[in-house]
Amino acid sequence: MNMRNASLRTFEEDFGLLLGKTDDDAGLSSLRCPGEELLTREGLESLLRRFGQGLGSTAWKTTASLFTKYYAKKLCGVLYAMSVMDKGLLLPLRCAVLELREAPDFRIRTGNAELVPAPASGRAAWRRETVRQLFAEHLAQLLDAIARHTCVNKDILWENALVYIRHGYGEWVQEAASEADRQRIEGDYRFLMEEAGPDLLGGEDAHPFAGYSTALVPGKPPVRKTCCMRCLLPEAAYCKTCPRANG
């Protein structure tokens, strides 16, 4: 395996994002759901039912909340590609296919989307489009549908996503290979948290992460404002940053 293929395989394994339409192991998937089907009640309920069985969850809201945590962690691969690799992966929801293997394990196949190097000039516009397709055209649509069909509070869902985004950028800044890389990663995070508006992130009237702590403090994640409900799983403990355990 050459270095390029090895790097891509590591990226896929780390984030559960499968690049391209190749489907050599489709037989390993017990359920395949095109992204747009997740916006429908029937498609979403079918997926959450199988996902919940894998978690041991019988509570609809708990299952929905924890699914968004798994999902957001995988979508952080797009941000890693943009900020660390300096490559774009345009991934609107309509291009994604979720493949559930042994629940709750799943991958997201990217369809026609591939990693493409950032342009030599005009990176700001390129970054805006990458962020818009990831958030306004993907994550925000999915969270809206989950909140609508399961009645889980949308604030919980957005904070679930923020937890992984903030954690990821905190690690990437610390592991930056050069000062230029560190500045690029910090600049992208600042853009996400301070400069991008609802038109890019998909918030209704305000920044979806407004009111939450977004500071990158290594080793000191802030206490959450909302509970992700993981503590409601059988034999589960509170998360270290759970507001129920830090009240």
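Observations on the model:
- Qualifying positions in region 216-231 - assigned to a loop (DSSP other than H, G, I, E, B) and either buried (at least 18 other Cβ atoms within 10 Å of the Cβ) or in contact (Cβ under 8 Å) with a residue 12 or more places away in the chain (or both): 216, 217, 218, 221, 222, 223, 224, 225, 226, 227, 228, 229
- Scope region 129-160; condition under 13 Å from the mean Cα position of the chain (by Cα) and under 17 Å from residue 81 (Cα atoms); matching residues: 131, 133, 134, 135, 138, 139
- Criterion violated by residue 234 - all others in (1) assigned to a helix (DSSP H, G or I); (2) closer than 24 Å to residue 54 by Cβ; (3) in contact (Cβ under 8 Å) with a residue 60 or more places away in the chain satisfied: (1)
- Boolean, residue 185 is among the hydrophobic types (A, V, I, L, M, F, W, C) and closer than 16 Å to residue 84 by Cα: yes
- Filter result for residue 118 (in contact with a strand residue (DSSP E or B) (Cβ under 7 Å, 6 or more places away or on another chain), modelled with pLDDT of 95 or more and not hydroxyl-bearing (Ser, Thr, Tyr)): yes
- Filtered by the rule that a residue be in contact (Cβ under 8 Å) with a residue 24 or more places away in the chain and surrounded by fewer than 16 Cβ atoms within 10 Å (Cβ to Cβ), region 199-212 gives a lone residue, 199.
- Residue in region 163-178 that is buried (at least 18 other Cβ atoms within 10 Å of the Cβ), among the hydrophobic types (A, V, I, L, M, F, W, C) and closer than 14 Å to residue 65 by Cα present: yes
- Any hit, region 111-123, residues being hydrophobic (A, V, I, L, M, F, W, C) and under 13 Å from the mean Cα position of the chain (by Cα): no
- Exactly one residue out of 192, 134, 143 is under 22 Å from residue 12 (Cα atoms), out of contact with any Asp or Glu (no Cβ under 9 Å at 6 or more places or on another chain) and among the hydrophobic types (A, V, I, L, M, F, W, C), and it is 134.
- Residues that are surrounded by fewer than 21 Cβ atoms within 10 Å (Cβ to Cβ) and under 14 Å from residue 34 (Cα atoms), drawn from region 72-92: 92
- Every residue from region 197-247 that is hydrophobic (A, V, I, L, M, F, W, C) and on the phi > 0 side of the Ramachandran plot: 229
- Taking the criterion of being surrounded by 19 or more Cβ atoms within 10 Å (Cβ to Cβ) and either of a type outside the set (A, V, I, L, M, F, W, C) or not in a helix (DSSP H, G or I) (or both), the residues of region 138-153 that qualify are 138, 141, 149, 150, 152.
The values are calculated or read from the model by the stated rules, or taken from the named source; none is laboratory data. Since this is a predicted model, take the numbers as computed values, not measurements. All Cβ positions, even for glycine, are placed from backbone atoms using ideal geometry, and neighbour counts span all protein chains on display.
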